[in-house]
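*Asks:* So that we are looking at the same thing, I have put the structure below in structure tokens.
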Amino acid sequence: EMVYWRNIPSDQYFPGVSIAFSNSSASARPQKFLTFEPDQAGFNNIRLAFELAVVLAQAMGRTLVIPPKSTIWKMPGKAVCITDFFEFDLRGLHVVSFDSFLSQEALAGKLYDQNGKASYPPDNRTNWDGRIGVYGENDKRLWEWMRATAAMLDWTPDCVVVFSSDSALNVLPSILNGILREGKQEGGPEDLK
């Protein structure tokens, strides 16, 4: 069941993977972040990608960094933040604004470039609200810097991720075997566990 724009009270009792981190003390928990760079598409594309970022942050026990306010295609007007559309009251999900992330991590010298040297945001700016997006000013330097500083994992379209209901689990090994017969991926049904 997917429901948008309203709180589902029973969801707060879902024991996500990150609960172990949430229940540990903040000093014992290694703080890792997941940033989200919205593309310059319409709101629905940004929403879909952002929902995936929320799920990944929750599952990996990472703090989700909310992107700065920006303009959105086919929504001319003032810059908006994704939090203008979503509530963040999820058990185990830690959220921080982009400017707080830059202040606490980047300006403190905790982010490094590919040579291991401390890397700072362009002009040491922490507030990028309204400076990026489709309409008006589009300062691309923030995302260019983030891509050069952050660990970015390559994704190959040859891999398959399956999220299924319990009732369909018995067919997953046959699906995987079909993929393997085509020679597109190594592995076996044991990789499904």
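*Asks:* Skipping prolines and chain starts, which residues have an amide H placed within reach, meaning under 5 Å, of the one on Leu34, given they are 5 or more residues away or on another chain?
*Replies:* Thr63, Leu64, Val65
*Asks:* Quote the accessible area belonging to Lys69 in square angstrom, nearest 10, computed with a 1.4 Å probe and with ligands, DNA and RNA left uncounted.
*Replies:* So the heavy atoms of Lys69 present about 80 Å² to solvent.
*Asks:* Now for a separate question. How much length, in nm to one decimal, is gained on full extension between Glu144 and Met60, taken as 0.36 nm per residue of separation minus their Cα-Cα distance? Don't skip to the answer; put the middle values down first.
*Replies:* Details: separation 84, 0.36 × 84 = 30.24 nm, distance 2.46 nm.
Net length gain for the segment: 27.8 nm.
*Asks:* Could I have the simple spin-label model distance between Lys110 and Lys32, label points 7 Å from Cα toward Cβ, reported in nm to one decimal?
*Replies:* 1.5 nm
*Asks:* Need one number: nm distance between label points at Glu51 and Glu87, each 7 Å from Cα along Cα→Cβ, rounded to one decimal.
*Replies:* In this crude label model, Glu51 to Glu87 measures out at 1.8 nm.
*Asks:* Taking 0.36 nm per residue of separation and subtracting the Cα-Cα distance, what length does fully extending Ser103 through Asn124 add?
*Replies:* Working: separation 21, 0.36 × 21 = 7.56 nm, distance 0.91 nm.
Contour length minus the Cα-Cα distance gives 6.6 nm.
*Asks:* Tell me, what is the 1.4 Å probe accessible area of Lys32, in Å² to the nearest 10?
*Replies:* Only protein atoms counted, so the area is about 110 Å².
*Asks:* Hey, another quick one. Applying 1/(1 + (r/R0)^6) with R0 = 41 Å to the Cβ-Cβ distance of Val134 and Arg181, what FRET efficiency is obtained, to the nearest 0.05? Numbers along the way, then the final one.
*Replies:* On the way: r = 45 Å, r/R0 = 1.09.
Efficiency, rounded to the nearest 0.05: 0.40.
*Asks:* Further question on the same structure: Could you work out the local net charge near Ser103, counting Lys and Arg as +1, Asp and Glu as -1, over the other residues with Cβ closer than 12 Å to its Cβ? Before the final figure, lay out each step's value.
*Replies:* Details: positive: Lys110, Arg125; negative: Asp99, Glu105.
Neighbourhood net charge equals 0.
*Asks:* With a 1.4 Å probe and every protein chain left in place, tell me how much accessible area Asp39 has, in Å² to the nearest 10.
*Replies:* 90 Å²
The values are calculated or read from the model by the stated rules, or taken from the named source; none is laboratory data. Because the structure is a prediction, the values reported are computed rather than measured. Backbone-built Cβ (ideal geometry, glycine too); neighbour counts: all protein chains shown. These accessible areas exclude ligands, DNA and RNA; they are computed on the full protein's heavy atoms, side chains included. Shrake-Rupley method; radii C 1.70, N 1.55, O 1.52, S 1.80 Å.
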